[in-house]
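Remarks on the structure that follows.
The values are calculated or read from the model by the stated rules, or taken from the named source; none is laboratory data. Model, not experiment: these values are computed from the prediction. As a convention, Cβ positions derive from the backbone with ideal geometry for all residues, glycine included, and neighbour counts pool all protein chains shown.
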């Protein structure tokens, strides 16, 4: 359970990443400090949260959420992206 859910008095400090597809992957920044890579689907929502690191992936305004060859499944454009 995310810390902010267990303690609502704490501010939500999870990183928020804007993406253009509804399917993303997260490995917690990668390397020794990361976590196993997981693939997440937004479904009908426009956001999804990583169950390991609480990073929030939010569909960018105006993005269709559809994938194409330029936006391969699991790719996101955040800082320090994978």
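Residue-by-condition table, conditions (1) modelled with pLDDT of 90 or more; (2) exposed (fewer than 11 other Cβ atoms within 10 Å of the Cβ):
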position: 6; (1), (2): no, yes
position: 13; (1), (2): no, yes
position: 32; (1), (2): no, yes
position: 48; (1), (2): yes, no
position: 61; (1), (2): yes, yes
position: 66; (1), (2): no, yes
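Kindly list, by first and then second residue, each pair from a residue in segment 11-37 that is more than 22 Å from residue 67 (Cα to Cα) to a residue that is outside any loop (DSSP other than H, G, I, E, B) and modelled with pLDDT under 85, limited to pairs with Cβ atoms under 6 Å and residues at least 6 apart or on different chains.
Hits for this filter: 12/4.
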